[in-house]
Structure formats: structure tokens, C-alpha cells
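Structure first, then comments.
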Amino acid sequence: MSTDGAAPAHPATTPRVRIVHLDGPTFRALAAGDVPAVAAASPVPLPASFAGPDWRGVWRRRAAQVDEDPGAAAWVTGVVWDEDRGLAVGRAGFHGPPDDDGMVEIGYAVEPEHRRQGYARAALVALLRRAAAEPGVRTVRVSISPDNAASTALALSEGFVRVGEQWDDEDGLEIVYEVPARR
């Protein structure tokens, strides 16, 4: 992860965040890049960058998932919301509900101007807590590009261990890490 140099390298405190879940209309508006429709549909205010081209692929996938299974909305990517600042700083969630083996995979991204301020850690910890509280979840997975040292360090610091590699058609080579849901 990168920073613009203005953000502190080590935040004094971990921000208080929650993952705000989105619904089908919000996912579809984000996927279309329709900022006015996003503003009308989203449960929290989102910056226009959330509807930008960099994140549209994620929103398209989540819209399709929620259209197929509305219950998936409670699991999939939502907004990382800074409770104290009343500010959307990124996206995080699971790739879907637990699979037949009780595995969920985490995905997250923090907007560049909010990186290196503790938001990725806060979002990851919130998702790990959620996974631990869900009886159907036994394993939590995260897949990280081998070039993403910051995310790798974060995952390792939270107890994840490397279990393999995979090729993702969109992201290329990824290193796969897992941790038991209840540690």
C-alpha cells in the first residue's frame, strides 16, 4: 500500500470502524458509476471515487451475487465507515457467505488518502470478529499479491499463515493465507 506522505506512518490509535452493508440498488449504481444514484441508494454518504473505474469490477460481482442471492448482501463487500469522523474510507467484506467447508474469504481496500492510518487493520479485525461469531464459519482466508508487503504484514500480524498460491484472472498470482475463525 502507498501513502501520499501526509498520513502518519503509525496511527496513535486504531480508528473505530464498522462495515456498512449495501443492497442491490447501491451495488448496481456503484457498478454503473452513477454517482447520483449511489447518493440516493447508499445508507451512508460515499465519495465519487467509490463509483470510479478502479472499483467497478468488485461492485459488478457483488451486484450479481446479491441479485442471485439477496441474503449474500449481509456478507459481501461493504463500506469501511469511520464512526468518529462519519466518513467512508474504503471497502471490506467477505467474498460471499461461508462455503460448504465453513470458509469465508476476506477482501478489503482503503482509499489512497486514508492509507497507513489503521483502517485496513480495523476493517480486518472487524471481519475476523464477525467470522468468529458466526457458527458456520471455521476458516478465514485472504489472498494477497506477492508484491503487497503491507497487506502481507497485516495478515501475518493477525495470525494468518500461508497455505498456498493461486492464479486470479483479474489480479494475477496471489498468495493464500488462512486462519481459524475462532483462535
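In this structure, does Arg61 turn out to be within 28 Å of Ala37 (Cβ to Cβ) and charged (D, E, K, R)?
So Arg61 fits the description; yes.
Scan region 104-119 for residues that are over 21 Å from Phe27 (Cβ atoms) and crowded, with 19+ Cβ neighbours inside 10 Å and jot them down.
His114, Arg115, Arg116, Gln117, Gly118, Tyr119
What pairs can you find where one residue is in region 63-77 and over 16 Å from Ile19 (Cβ atoms), the other is open to solvent by 50 Å² or more (accessible area, probe 1.4 Å) and in a helix (DSSP H, G or I), and their Cβ atoms are less than 8 Å apart, with a gap of 6+ or different chains?
Once the first residue is over 16 Å from Ile19 (Cβ atoms) and sits in region 63-77, its partners that are open to solvent by 50 Å² or more (accessible area, probe 1.4 Å) and in a helix (DSSP H, G or I) give Ala63/Arg28.
Which residue is farthest from Asp101 (Cα to Cα), if the candidates are limited to region 125-167 and must be open to solvent by less than 30 Å² (accessible area, probe 1.4 Å) and assigned to a strand (DSSP E or B)?
Step by step, filter region 125-167, then rank; the result is Ile144.
List every residue pair whose Cβ atoms sit under 9 Å apart, with the two residues 6 or more apart in sequence or on different chains, where the first one lies in region 150-166 and is touching a residue at least 40 places away in the same chain (Cβ under 8 Å) and the second, anywhere, is open to solvent by 20 Å² or more (accessible area, probe 1.4 Å) and of a type in the set (D, E, K, R).
Within 9 Å, the pairs are Ala150/Arg115; Ala150/Arg116.
Looking at Ala122, is it crowded, with 20+ Cβ neighbours inside 10 Å and either at positive phi or modelled with pLDDT of 95 or more (or both)? Quick ask: steps written out before the conclusion?
On the way: crowded, with 20+ Cβ neighbours inside 10 Å: yes; either at positive phi or modelled with pLDDT of 95 or more (or both): yes.
It is true that Ala122 is crowded, with 20+ Cβ neighbours inside 10 Å and either at positive phi or modelled with pLDDT of 95 or more (or both).
Restricting attention to region 90-98, does a residue exist that is of a type in the set (D, E, K, R), open to solvent by 10 Å² or more (accessible area, probe 1.4 Å) and more than 18 Å from Thr14 (Cα to Cα)?
No, the conditions are met nowhere in region 90-98.
Determine whether Asp171 is surrounded by fewer than 16 Cβ atoms within 10 Å (Cβ to Cβ), closer than 25 Å to Ala63 by Cα and at pLDDT 95 or above.
no
Restricting the search to region 8-33, which residues are at pLDDT below 75 and either surrounded by 16 or more Cβ atoms within 10 Å (Cβ to Cβ) or not hydrophobic (A, V, I, L, M, F, W, C) (or both)? Spell out how you get there, then give the answer.
The initial filter retains those residues of region 8-33 that are at pLDDT below 75, namely 8-12.
Correct list: Pro8, His10, Pro11.
The values are calculated or read from the model by the stated rules, or taken from the named source; none is laboratory data. Small disclaimer: the values here were computed from a predicted structure and weren't measured. No Cβ is skipped: glycine too gets one built from the backbone with ideal geometry, and neighbour counts run over all protein chains shown. These area figures cover heavy atoms from the full protein model, side chains too; ligands, DNA and RNA do not enter into them. Shrake-Rupley method; radii C 1.70, N 1.55, O 1.52, S 1.80 Å.
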